[in-house]
Amino acid sequence: MKIKTISYIKEKVVGNISPSTLLPPHSTKFLWGGICLLLFLSCSSIDCPMNNTVSTKYALYKSDGTADTLRDTLTVITLQRIADHDPVALNRSVNTTTMDIPISYQSDEDVLYFVRSFPYLYETTVINEEGIEVDTILKLAAYVTDTVTVVKTNRKHFESIDCTPSFFHTIRNVTYTRNAIDSIVINNPEVNYDPTKEHFRVYFKSRD
């Protein structure tokens with residue numbers, strides 16, 4: 001044992017230092033095992049998002065720029081098939097001020113139906129067999145629908161190679177019909193994990 005100890009000291013002084021010379025042979029595998037374990041733990045300590053889907057936030061505003069509350073019943077239906085989401089993105093919401101609507105992963109555009117339910121009168125024209133307008137009458141309806149089309153680009157987003165990839169989006173344009181909606185403005189085009197962003201500002205026509 002004494003000779004072995006001196007041999008280690010000499011090698012430390014005159015030779016190159018390596019784990020195999022400073023440790024007994026049977027300890028080397030434990031050293032490398034510990035290093036591998038530390039590397040594994042450091043790589044596995046990355047926090048992956050619990051929910052890697054994103055959505056768009058629509059906020060309602062009045063024409064004077066103040067926040068609005070829609071007293072009527074509002075339903076939003078999406079035509080795109082989005083995993084883990086029902087086609088009815090918003091179901092009969094009342095007193096609505098904001099709404100989170102899912103966005104498709106890879107489609108270049110999303111088509112939404114905004115259905116505003118309330119009794120209202122509208123005019124319809126009566127046309128005879130010769131194609132001549134002969135009368136205008138009022139009809140009572142229970143709801144009015146607007147079609148909203150969101151044009152966007154999509155990109156994959158990786159938190160880490162250990163995490164499931166998600167999709168972020170950049171909103172390029174929005175078009176809409178103007179039955180109950182007065183206008184829609186893009187407020188923030190970048191769609192990511194930030195839930196506080198208002199992506200769209202929606203201005204409904206007043207019923208006062």
When restricted to GLU130, GLU198, the only residue charged (D, E, K, R), within 20 Å of PHE114 (Cβ to Cβ) and not in a strand (DSSP E or B) is GLU198
Within the range 165-185, the residues that are aliphatic (A, V, I, L, M) and surrounded by 14 or more Cβ atoms within 10 Å (Cβ to Cβ) are ILE171, VAL174, ALA180, ILE181, ILE184
Q | GLU159 surrounded by 14 or more Cβ atoms within 10 Å (Cβ to Cβ) and part of a loop (DSSP other than H, G, I, E, B) | A | yes
Filtering the range 145-174 down to residues that are closer than 15 Å to GLU190 by Cβ, among the polar types (S, T, N, Q) and in contact (Cβ under 8 Å) with a residue 40 or more places away in the chain yields THR153, ASN154, SER166
Check: Is it true that VAL148 is surrounded by 14 or more Cβ atoms within 10 Å (Cβ to Cβ), under 21 Å from VAL111 (Cα atoms), out of contact with any Ser or Thr (no Cβ under 6 Å at 6 or more places or on another chain) and modelled with pLDDT under 95?
Finding: no
The correct count of residues that are among the hydroxyl-bearing types (Ser, Thr, Tyr), at pLDDT below 95 and surrounded by 14 or more Cβ atoms within 10 Å (Cβ to Cβ) in the range 186-205 is 1
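Within the range 63-108, can you find the residues that are of a type in the set (A, V, I, L, M) and buried (at least 16 other Cβ atoms within 10 Å of the Cβ)?
Those that are of a type in the set (A, V, I, L, M) and buried (at least 16 other Cβ atoms within 10 Å of the Cβ): LEU70, LEU74, VAL76, ILE77, ILE82, ALA89, LEU90, MET99, ILE101, ILE103.
To keep it simple, each residue is scored yes or no on (1) in the same structural domain as THR97 (by TED's automatic domain parsing); (2) modelled with pLDDT under 75; (3) surrounded by 11 or more Cβ atoms within 10 Å (Cβ to Cβ).
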| position | (1), (2), (3) |
| --- | --- |
| ARG116 | yes, no, yes |
| GLU130 | yes, no, no |
| GLU133 | yes, no, no |
| LEU138 | yes, yes, no |
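The values are calculated or read from the model by the stated rules, or taken from the named source; none is laboratory data. Since the structure is predicted, the reported quantities are computational estimates derived from the model, not experimental observations. For neighbour counting, all protein chains shown are included, and Cβ atoms are generated from backbone atoms with ideal geometry for every residue, glycine included.
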